[in-house]
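Q: Here it is: the structure, laid out below.
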Amino acid sequence: MERYLDDIKNGKASVDDFLKRTEKMSLIVLNELKEKSKTWNFSEQLIQDIVPKEIGRCLSCGGNLIERDKFYGCSNYSANNCTFSIPKQKAGVTITKVNIEKLLTTGTTSLIKGFKKNGKDGTLGFY
């Protein structure tokens, strides 16, 4: 294709021919994609995106702790008014899913570094 553009630049090929070839090639690719799209199934991915991800048991009521956009919270929030939640971001540090899972299974986390408060650095661990 670059060679063809060079030919156009040097007057050895026409822009109209280039556009016709590009359109023909684009139609071939689009038709192939249209045919292949008949077998695509996104329902499993959509379900994974919609259904909250359970990561363990709520330490407060025993319900399912689920991952939300900005926090981990109890699935019994609306049913039992359980307010147990852990923010994903705290004092400039991301609380990872691995740390939450470890907290839920063992009751502790590894030391989490990088916290900042009033310009000072710190570490935190849940025990």
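The values are calculated or read from the model by the stated rules, or taken from the named source; none is laboratory data. Not measured: the values here are computed from a predicted model. We place every Cβ from the backbone using ideal geometry, glycine too, and count neighbours over all the protein chains shown.
Q: In segment 36-68, which residues are polar (S, T, N, Q) and touching a Ser or Thr at 6+ places or on another chain (Cβ under 7 Å)?
A: Of everything in segment 36-68, just one residue is polar (S, T, N, Q) and touching a Ser or Thr at 6+ places or on another chain (Cβ under 7 Å), namely N64.
Q: Being in a helix (DSSP H, G or I) and either touching a residue at least 60 places away in the same chain (Cβ under 8 Å) or over 43 Å from the mean Cα position of the chain (by Cα) (or both) is the filter here, so list the residues in segment 1-14 that pass it.
A: D7, I8, K9
Q: Given the condition free of Cβ contacts under 8 Å to residues at least 24 places away in the same chain and either among the aliphatic types (A, V, I, L, M) or in contact with a strand residue (DSSP E or B) (Cβ under 7 Å, 6 or more places away or on another chain) (or both), answer yes or no: does some residue in segment 32-41 qualify?
A: First, the residues of segment 32-41 that are free of Cβ contacts under 8 Å to residues at least 24 places away in the same chain: 32-41.
Next, from what is left, pick out any that are either among the aliphatic types (A, V, I, L, M) or in contact with a strand residue (DSSP E or B) (Cβ under 7 Å, 6 or more places away or on another chain) (or both): 33.
Within segment 32-41 (the criterion being free of Cβ contacts under 8 Å to residues at least 24 places away in the same chain and either among the aliphatic types (A, V, I, L, M) or in contact with a strand residue (DSSP E or B) (Cβ under 7 Å, 6 or more places away or on another chain) (or both)), the answer is yes, since at least one residue qualifies.
Q: Continuing with the same structure: Please enumerate the residues belonging to segment 65-90 that are modelled with pLDDT under 90 and farther than 19 Å from T109 by Cα.
A: Matches in segment 65-90: R68, D69, Y77, S78, A79, N80.
Q: Tell me which residues, restricted to segment 23-78, are in contact with a Phe, Trp or Tyr (Cβ under 8 Å, 6 or more places away or on another chain) and part of a strand (DSSP E or B).
A: I55, L65, I66, G73, C74
Q: One residue is enough: does segment 97-107 have a residue meeting the conditions over 30 Å from M1 (Cβ atoms) and either in contact with a Cys (Cβ under 7 Å, 6 or more places away or on another chain) or of a type in the set (K, R) (or both)?
A: Of segment 97-107, the ones over 30 Å from M1 (Cβ atoms) are 97-107.
Subset that is either in contact with a Cys (Cβ under 7 Å, 6 or more places away or on another chain) or of a type in the set (K, R) (or both): 97, 102.
Yes, that holds for at least one residue.
Q: Please enumerate the residues belonging to segment 91-102 that are free of Cβ contacts under 8 Å to residues at least 40 places away in the same chain and either surrounded by 14 or more Cβ atoms within 10 Å (Cβ to Cβ) or assigned to a loop (DSSP other than H, G, I, E, B) (or both).
A: Hits for segment 91-102 are A91, G92, V93, I95, T96, N99, K102.
Q: Would you mind stating whether C82 is in contact (Cβ under 8 Å) with a residue 24 or more places away in the chain, surrounded by 12 or more Cβ atoms within 10 Å (Cβ to Cβ), more than 23 Å from I112 (Cβ to Cβ) and not acidic (D, E)? Spell out how you get there, then give the answer.
A: Details: in contact (Cβ under 8 Å) with a residue 24 or more places away in the chain: yes; surrounded by 12 or more Cβ atoms within 10 Å (Cβ to Cβ): yes; more than 23 Å from I112 (Cβ to Cβ): yes; not acidic (D, E): yes.
Spelling it out, C82 is indeed in contact (Cβ under 8 Å) with a residue 24 or more places away in the chain, surrounded by 12 or more Cβ atoms within 10 Å (Cβ to Cβ), more than 23 Å from I112 (Cβ to Cβ) and not acidic (D, E).
Q: Can I ask one more? So, in segment 35-57, of the ones that are surrounded by 10 or more Cβ atoms within 10 Å (Cβ to Cβ) and of a type outside the set (D, E), which residue ends up nearest to K97 (Cα to Cα)? Step through it out loud before you land on a result.
A: As a first pass, look at segment 35-57 and keep what is surrounded by 10 or more Cβ atoms within 10 Å (Cβ to Cβ): 46, 52-57.
Keeping just the survivors that are of a type outside the set (D, E) gives 46, 52-53, 55-57.
Working: L46: 21, P52: 14, K53: 11, I55: 8, G56: 10, R57: 13 Å.
Selected residue: I55.
Q: If you don't mind, there's one more thing I want to ask. From the list T22, T94, which one is under 30 Å from N118 (Cα atoms) and β-branched (V, I, T)?
A: Testing whether each residue is under 30 Å from N118 (Cα atoms) and β-branched (V, I, T) leaves just T94.
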